[in-house]
Every structure is written in structure tokens, then in C-alpha cells.
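The values are calculated or read from the model by the stated rules, or taken from the named source; none is laboratory data. On a predicted model such as this, the values are computed, not experimentally measured, just so you know. FYI the Cβ positions are ideal-geometry reconstructions off the backbone, even for glycines, and counts take in every protein chain you see. Accessible surface is based on the protein model in full, side chains and every heavy atom, while ligands, DNA and RNA are left aside. Shrake-Rupley method; radii C 1.70, N 1.55, O 1.52, S 1.80 Å.
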Amino acid sequence: VQLQASGGGLVQAGGSLRLSCAASGGTFRSYTMGWFRQAPGKEREFVAGISGNYDRTYYADSVKGRFTISRDNGKNTQYLQMNSLKPEDTAVYYCATDTLGFTVGRTMYNYDYWGPGTLVTVSS
């Protein structure tokens with residue numbers, strides 16, 4: 001499975017961005033997908049996840065109500081709509097997939113394939 005994230009960039013606080021993650025290989029519709037982020041000097045953290053066939057979604061408390069994860073199984077793509085962005089959302093955002101599990105994991109160790117990341121910078 002190969003993942004490629006896009007859509008990062010520079011945005012002012014309060015603005016919006018939509019990240020995309022295109023997947024190739026494997027059976028996309030059955031895989032849990034997730035987004036993580038890593039800010040400078042910090043550990044990579046869970047942002048949001050979405051289950052394969054049943055579209056259950058989970059969010060980190062820090063992004064609930066502002067971010068929305070979704071997927072289009074016909075396009076083998078997942079999305080992260082980010083609204084009301086804050087400077088503390090600045091990080092490299094990574095998409096990941098869990099090809100082995102059946103639940104939406106919230107740690108890095110639940111995911112076995114990762115994309116290269118896309119930088120999101122939110123200015124104050």
C-alpha cells in the first residue's frame with residue numbers, strides 16, 4: 001500500500017485547509033484510515049481516524065468540532081477538512097492506514113503504512 005498526502009500549506013489563524021490522502025494498492029475500502037501530526041520537538045499524535053466499511057470516526061479532543069475526516073472509497077482517497085485553524089495546529093500531517101485491524105486505533109502502532117507527510121503552517 002502506498003499513501004500520498006497533499007493539501008498542506010500556509011494559512012492564517014481561523015482559516016481552513018483540506019488535506020487529501022490518495023492510496024494505491026490493497027483493498028482501500030476495508031482499511032481503517034487515520035491522520036496523525038507531529039509538531040517540532042513533539043511526538044507524533046493521533047488526530048482523526050475512520051473505519052473501513054462502516055465509516056465510524058474518532059477525533060482527538062484538540063480537534064473535535066473543527067476537523068472532519070472522511071473517505072471516498074471509489075477514489076481510494078481520504079480527506080481531513082480542517083476549519084478554525086489555530087497556530088497550535090502547525091505540524092507535519094501524516095496519513096496512515098491499518099490493513100490488519102478492525103477497529104480505529106489511536107496510536108502509531110495500530111497503523112502499518114504511512115505517507116510521507118504534508119506541512120501545515122498556521123500563522124497568528
Across the range 92-107, the tally of residues that are more than 12 Å from the chain's Cα centre (by Cα), among the aliphatic types (A, V, I, L, M) and closer than 17 Å to I69 by Cβ stands at 1
Pairs where the first residue, in the range 42-69, is within 19 Å of S84 (Cβ to Cβ) and in a loop (DSSP other than H, G, I, E, B) and the second is hydroxyl-bearing (S, T, Y) and open to solvent by 60 Å² or more (accessible area, probe 1.4 Å), C-beta under 9 Å, 6+ apart
G65/S84; R66/S84
Anything in the range 46-65 that is under 11 Å from the mean Cα position of the chain (by Cα), open to solvent by less than 20 Å² (accessible area, probe 1.4 Å) and not hydrophobic (A, V, I, L, M, F, W, C)? List them, or say none.
G49
Single condition P40 does not satisfy, out of (1) farther than 15 Å from G7 by Cα; (2) touching a Gly at 6+ places or on another chain (Cβ under 8 Å):
(2)
